[in-house]
Amino acid sequence: MVSAPGAAAGALAGGALAVAAWHIGPAATWLPGLRTAYFPGLDGRGAPGRVALTFDDGPDPLSTPHFLRALEALHVRATFFVLGSRLERTPELGLRMVAAGHEVAVHGWEHDRPWLPRPGRDAVELARAAAAVQRITGRRPLWYRPPYGILTGGRWAAARRTGLRPVLWSAWGRDWTASATWDGVVAEAAARLGPGGTLLLHDSDAYAAPDSWRVTLAALPHLVAYCRGLGLEVGRLGDHGHPGSGVPYGFPGRAR
């Protein structure tokens, strides 16, 4: 017969395991094979004649203006997933993005890793970031991509409460690494990028190898040329014919 203290300890342990599963379970969607097969919306899959071009980690006064000028020269509009704390420090860059026809989405308030469950803080910070985007740019953000692409139960719930649709990516260039080269970024992206895909790049080195943004900038015209060579239009996520949030059934952010 199990004693009362033993039963209580078992219940506490079971509760802790349930919380841990709720917190970290959705992070499995980081795996590209799983995402592609089961959650095409979360994978950023859209209209087959298009590619969505997205940038994370800005805005950055040292690098983002270079990307805005390059995109203008290429006649491309993109989606920038910004951090609320950085946008508040450089609101003029958010205004420049919108004035140039780009889309501003939410990357969070700070660029942190969600090691421990903190649903209350997640809700507050995501709402704060979304409010900063709307207040500064005059546009309500639609999309949310968490730092490192790690979605948790708390972040799913916070996105749903804030009215944001989570989306990760279907291809990246690994442009944040110290060993990245412009042609390596192009090759890495091309290996997975195809019709209807969403490409992840970075317009800042704030959370990457120093000066890595210069590699991304050098790769950008080649990436656009590659997509156009396939007959694909390069543009914003909002124009992508995106099917929805791609939130897995039973996760806190499940679309209804």
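Comparison of 234, 215, 185 shows that the only residue that is assigned to a strand (DSSP E or B), surrounded by 15 or more Cβ atoms within 10 Å (Cβ to Cβ) and at pLDDT 95 or above is 234. With the checklist (1) in a loop (DSSP other than H, G, I, E, B); (2) crowded, with 23+ Cβ neighbours inside 10 Å in hand, flag the one item residue 130 doesn't pass. Only one criterion in (1) in a loop (DSSP other than H, G, I, E, B); (2) crowded, with 23+ Cβ neighbours inside 10 Å is unmet by residue 130, namely (1).
Only residues that are open to solvent by 20 Å² or more (accessible area, probe 1.4 Å), within 10 Å of residue 84 (Cα to Cα) and in contact with a helix residue (DSSP H, G or I) (Cβ under 7 Å, 6 or more places away or on another chain) were counted across the range 110-126, and they come to 2. Checking every residue in the range 171-182 against the condition of being open to solvent by less than 20 Å² (accessible area, probe 1.4 Å), outside any helix (DSSP H, G or I), of a type outside the set (D, E, K, R) and farther than 21 Å from residue 53 by Cβ gives zero matches. Here the condition is being within 19 Å of residue 173 (Cα to Cα) and touching a Cys at 6+ places or on another chain (Cβ under 8 Å); of 51, 82, it holds for 51 alone. If I filter the range 192-200 for residues that are within 21 Å of residue 143 (Cβ to Cβ), in contact with a Phe, Trp or Tyr (Cβ under 6 Å, 6 or more places away or on another chain) and crowded, with 16+ Cβ neighbours inside 10 Å, do I get at least one hit? Looking through the range 192-200, at least one residue is within 21 Å of residue 143 (Cβ to Cβ), in contact with a Phe, Trp or Tyr (Cβ under 6 Å, 6 or more places away or on another chain) and crowded, with 16+ Cβ neighbours inside 10 Å. Would you call residue 50 on the phi < 0 side of the Ramachandran plot and crowded, with 22+ Cβ neighbours inside 10 Å? Yes: the conditions hold for residue 50.
Per the listing 48, 59, the residue uniquely in a loop (DSSP other than H, G, I, E, B) and in contact with a Leu (Cβ under 6 Å, 6 or more places away or on another chain) is 59. Of the candidates 151, 142, the single residue that is in contact with a helix residue (DSSP H, G or I) (Cβ under 7 Å, 6 or more places away or on another chain) and open to solvent by 30 Å² or more (accessible area, probe 1.4 Å) is 142. Surrounded by 21 or more Cβ atoms within 10 Å (Cβ to Cβ), modelled with pLDDT under 95 and over 16 Å from residue 79 (Cβ atoms), is that true of residue 156? Answer is yes for this residue.
Could you say whether any residue in the range 67-77 is modelled with pLDDT of 95 or more, more than 26 Å from residue 197 (Cβ to Cβ), not in a helix (DSSP H, G or I) and not hydroxyl-bearing (Ser, Thr, Tyr)? Looking for residues that are modelled with pLDDT of 95 or more, more than 26 Å from residue 197 (Cβ to Cβ), not in a helix (DSSP H, G or I) and not hydroxyl-bearing (Ser, Thr, Tyr), one finds none in the range 67-77, hence no.
Going by what's in this entry, would residue 208 be described as of a type in the set (Gly, Ala, Ser), within 26 Å of residue 110 (Cα to Cα), in a loop (DSSP other than H, G, I, E, B) and in contact (Cβ under 8 Å) with a residue 60 or more places away in the chain? Here the answer is yes, as residue 208 does meet what is asked.
Scanning the range 83-109 for residues that are buried (at least 22 other Cβ atoms within 10 Å of the Cβ) and among the basic types (Lys, Arg) yields a single hit, 86.
The values are calculated or read from the model by the stated rules, or taken from the named source; none is laboratory data. Just so you know, these numbers come straight off a predicted model, no measurement behind them. For neighbour counting, all protein chains shown are included, and Cβ atoms are generated from backbone atoms with ideal geometry for every residue, glycine included. Note: accessible area is taken over every heavy atom of the protein model, side chains too, but ligands, DNA and RNA are not part of it. Shrake-Rupley method; radii C 1.70, N 1.55, O 1.52, S 1.80 Å.
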